[in-house]
1. Over the alpha-carbon set of the range 19-77, divide Rg by the Kirkwood Rh and report the Rg/Rh ratio to two decimals.
2. Need the C-alpha centroid separation for the range 274-331 versus the range 1-50, integer Å.
3. Need one number for the range 228-271: average projected area of the convex hull over its C-alpha atoms, nm².
4. If I model the range 261-363 as equal point scatterers sitting on the Cα atoms and use the Debye formula, what is log10 I(q)/I(0) at q = 0.10, 0.12 Å⁻¹?
5. I need the Kirkwood Rh of the range 5-111: take the reciprocal of the average 1/r across all distinct C-alpha pairs and report it in angstrom.
6. How do 315, 442, 329 rank when sorted from fewest to most other Cβ atoms within 10 Å of their own Cβ?
7. Given labels modelled 7 Å from the Cα in the Cβ direction, how far is it in nm from residue 259 to residue 139?
8. Please list the equivalent ellipsoid semi-axes of the range 167-212, computed as the square roots of five times the alpha-carbon gyration tensor eigenvalues, in descending order and whole angstrom.
């Protein structure tokens, strides 16, 4: 049914989620409204950025896709756009999430709910031990033999952490453990911002059979903050390089985890076979090492998904449930540990591939997503210097389509913030009869938006070549804030720590919500968790 969009009701969607076939359930709203109310198994793919996200998230064009929203028209537009981009089995949830709820099915708040709920189930099923913030503070004060490992990304750790903590992102814990912890007498505390990565990180070490006592920090740095304890900003502690002895120990531990969880290892020939079959069976190839390692060299075609972050935000990396997943690293440890968790989360067909610079398809640099819909579109551009001059003459209006968080941090002086999916309606708020210049961080989203706008706009529309990045590289100034906004900044679901007012109340509310997810999972049959405990 190429180019056509079917409508299905809530009961049909429920049946599709349970029939064993591949399915991608997508929500077309921005992240904030999505975070208020959504279906458990849905990935947030805002209509405003669909062309930038969907090829990575739903790589196979014949995948069954169902779009949903809160019955506000966005899902219908997204479904039609996706069908126009070549996806051949696209459906729309009739009546949106309200119809799902009316059918007696559960609605969830928050973001990355499958991952967060999974961690709560892991703690419940595996009885993962924990320590409170007050107990940890007492251990620090009496200089007890402890080591604190922060299992978040380095950027999050650097922003706020606990005194003496070392940054060891989740997938790195088992890999680097022997070199971090030569003594089996040291108690290991794994923390994150809240609960998910603390639990998964601590249980990873326990599952790997380390000899140390290992606990998670209950409620993470939020609990530390709520206890009135000092949070460190700007911490930079990192693990040492892995030694041959440390690697050997890590590989032995990973091998035991692989055997226990039936984690398969494949070779390049098998990968090429699966790639050849990718038009019939969806395939994700994800590199679970650190961003620095990935950019220095990785298997061509593999996307970056650091292991700890992948388990924490699976829905942001893989939207097609039932797909094949190949996890890549350079020695099998980090990929194996990550695979063990994905399999328990419900990704049954997961395999590990070891790759290195000797492989013929080894490449460097960041992953550049394939942007759909631009191949046959010519969008006029303007250079940074020319734009500077036209702004000085008050001859153009600049509209910034970058996400609100980045716009607030710095944008072209005088630029308006807008969300691309609402841009046509927002134009009425701008000075009439003045040419428009669209920008975004690298200019790509601006090109996508301009391609649509050129068909209907009554004024000339151009794109800043190279986007705001080109503006800054030309040495031109930025301004901060949200003084000019065509739309509310609902494209980002702020964490409790990012909220300006009532931060502590938000933290308490968040932690209560997270803990309660384990009870929700006990009565929700849509999740696919099978925790291997004991």
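1. Details: Rg = 11.2 Å, Rh = 11.8 Å.
Over the Cα atoms of the range 19-77, Rg/Rh equals 0.95.
2. After rounding, the separation between the Cα centres reads 22 Å.
3. On the way: hull surface 27.8 nm².
Result: a mean projected hull area of 6.9 nm².
4. Treating every Cα as an identical point scatterer, log10 I(q)/I(0) equals -0.23, -0.33.
5. Computed over the range 5-111, the radius equals 13.5 Å.
6. Numbers: 315 21, 442 15, 329 28.
Listing 315, 442, 329 from fewest to most nearby Cβ atoms yields 442, 315, 329.
7. 3.0
8. Its equivalent ellipsoid spans semi-axes of 17, 10, 10 Å.
Bear in mind that the values in this text are calculations on the coordinates, not laboratory data. If you're wondering where the values come from, they're calculated on a predicted model, not measured in any experiment. Don't worry about glycine lacking a Cβ; one is built from the backbone with ideal geometry, like all the others, and counts go over all protein chains shown.
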